[in-house]
Amino acid sequence: MNRLKLLLRSLAYQRYSHCAVMCGVAVGCTVLTGALLVGDSMDYTLRWVAHKRLGGVESVLLAQNRYFRQSLADDLNRKASLTAAPVLQLNGSITGMKENLRANQIKVLGVDSAYWSFAGKPPAAFQGVAVNRKLAEKLKISPGDEVILRVEKTSLLPRDAPLSTIEDLSVAHRAKVIEIISDESLGSFSLEASQVLPANVFIPIEKLQELVNLQGQANLMLLRENLPKPADSKSLFSRIRECLQLADYGLELHTLSNRKELELRTRRIFLDPPVLEAARKTGQPLTQILTYFVNEIRKGDHSAPYSIVASMDPIPGGIEPPLSRDEILLNQWLADDLGAQAGDS
């Protein structure tokens, strides 16, 4: 018996075992091949979705509930070797007048011509209100149809703050839709990690700023490197920081007319701790002032509602001695209104 006959007889004798092994190998190969195909397909799909939503955007500067100068984009273009597009992104709702259909929780994007430079296929013209494909299909909107756009008014103060107003939380704007923005033209722009396509409305940034009284402000900056070799995030942040001004942090520096001093203010309620720490590191004498709203000041049966109270560090050379922890100063008007005198509680 030669080797070939021995092999054939062995295969025939153990045919059931060999058949089971072959079936197992076939099933394993099928599962592995399918997993590779699904993984490759999913990877391609995710890349495709990301490209549709981001276009040529490589990095973003997002201010959340704060705002920086729209002109910061010009500084970044000129000084930081970046292509920058300012965006004012707000929440809102839209109603189509033709079918009387409404969409809530939409994104209203105030953009200029720089935004479309990040799109693979910029729209032919953009001079008014435009909607993306998803929103047009949902509301059955066509170019030329009228819509009512309601934009949530922003506030530098938290909604639950005593000084914050609760009236006029949104502003309405009636306009005609001039174009339906396709996905290829960055109509589905979104920074949210969601598989649901966003509903976007596009409007010239100057018009949106006018509606919500935020002239010259933006809260989102789209960025793309102009360098032949992309820099790391640390270098990018360093170049951005060199272009920032106090106004981009929501800060204002004023010279007091009657004193040789500077006053650092915030457009919000409080200065952030890093700002205070940076001010202390200057080595200059500081006087910290905290001003807030109180519901009532009372003396006996007399009270003054809704007053402004300020606390501060002792001022060198001030006209009044430093106060102890249980002492306050009243102006003459409030003292007369309460009938208060020095020494009263």
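We did not get these values from a lab; they are worked out from the coordinates using the rules stated. Treat the numbers as computed from the prediction; the structure is a model and nothing was measured. In this analysis, Cβ positions are derived from the backbone assuming ideal geometry, glycine residues included, and neighbour counts consider all displayed protein chains.
Here the Karplus curve 6.51 cos²θ - 1.76 cosθ + 1.60, taken at θ = phi - 60°, turns the phi angles of the range 96-103 into couplings of x, 6, 5, 9, 6, 9, 10, 10 Hz, with x standing for Gly and Pro. Computed about the Cα centre, the dipole magnitude for the range 59-246 is approximately 220 debye when only Lys and Arg (+1) and Asp and Glu (-1) carry charge, each at its Cβ. If you take the square roots of the eigenvalues of the alpha-carbon gyration tensor of the chain and sort them as a ≥ b ≥ c, do you get rounded (a/c under 1.5), prolate (a/b over b/c) or oblate? Judged from the Cα gyration tensor, the chain comes out prolate (a/c at least 1.5, a/b above b/c).
Stretched out straight at 0.36 nm per residue, the stretch from Ser238 to Trp333 would grow longer than its current Cα-Cα span by 29.1 nm. Farthest towards the positive end of the charge dipole of the chain, among the residues Phe189, Ser113, Ala26, is the Cα of Ala26, using unit charges on the Cβ of Lys, Arg, Asp and Glu. Using θ = phi - 60° in the Karplus curve 6.51 cos²θ - 1.76 cosθ + 1.60, the 3J(HN,Hα) couplings for the range 293-307 round to 9, 10, 6, 7, 10, 10, 9, x, 8, 9, 9, 10, x, 6, 10 Hz; x is entered for Gly and Pro. Each Lys and Arg Cβ is given +1 and each Asp and Glu Cβ -1; about its Cα centre, the chain then shows a dipole of about 2400 debye.
Could you compute the net charge surrounding Val275? Neighbours are other residues with a C-beta less than 13 Å from the C-beta of Val275; K and R count +1, D and E count -1. Don't skip to the answer; put the middle values down first.
Working: positive: Arg66, Arg265, Arg267, Arg268, Arg280, Lys281; negative: Asp248, Glu252, Asp272, Glu277.
Local charge sum for Val275: +2.
What the phi angles of the range 105-115 give under the Karplus curve with 6.51, -1.76 and 1.60, with θ = phi - 60°, is a coupling list of 6, 9, 9, 9, 10, x, 10, 10, 4, 5, 4 Hz, glycine and proline written as x. Placing R0 at 51 angstrom, the Cβ-Cβ distance between Val31 and Gln64 gives a FRET efficiency of 0.65 after rounding to 0.05. With neighbours defined as other Cβ atoms within 10 Å of a residue's Cβ, the residues Leu220, Leu82 order from fewest to most as Leu220, Leu82.
Which FRET efficiency, nearest 0.05, do Thr266 and Gln215 yield, Cβ-Cβ r, R0 25 Å? Working shown, then result.
On the way: r = 19 Å, r/R0 = 0.76.
Calculated value: 0.85.
Per-residue ellipticity at 222 nm computed for the chain from its helices equals -9500 deg cm²/dmol, with DSSP H segments shorter than 4 residues left out and the rest contributing -39,500 (n - 2.57).
Cross-link pairs exceeding 25 Å in C-alpha to C-alpha distance, out of Lys79/Lys260; Lys153/Lys234; Lys79/Lys153; Lys134/Lys176, comprise Lys79/Lys260; Lys153/Lys234; Lys79/Lys153. Axis of helix 3-13 versus longest Cα principal axis of the chain: the two differ by about 70°, to the nearest ten degrees.
If you take the square roots of the eigenvalues of the alpha-carbon gyration tensor of the range 195-280 and sort them as a ≥ b ≥ c, do you get rounded (a/c under 1.5), prolate (a/b over b/c) or oblate? Here the range 195-280 falls in the oblate category.
Report the FRET efficiency, 1/(1 + (r/R0)^6), for Tyr292 and Arg102, where r is their Cβ-Cβ distance and R0 is 35 Å, rounded to 0.05. With R0 = 35 Å, the Cβ-Cβ based efficiency is 0.30.
Per residue, the average separation of C-alpha pairs within less than 8 Å and at least 6 apart gives the chain a relative contact order of 19 percent.
For each of Ser59, Ser188, count neighbouring Cβ atoms within 10 Å of the residue's Cβ, then give the residues from fewest to most.
Working: Ser59 16, Ser188 21.
Going from least to most buried by this count: Ser59, Ser188.
Using the Cα gyration tensor of the range 59-246, with a ≥ b ≥ c the square roots of its eigenvalues, what is the shape: rounded (a/c below 1.5), prolate (a/b larger than b/c) or oblate (neither)? Since a/c reaches 1.5 but b/c is at least a/b, the shape of the range 59-246 is classed as oblate.
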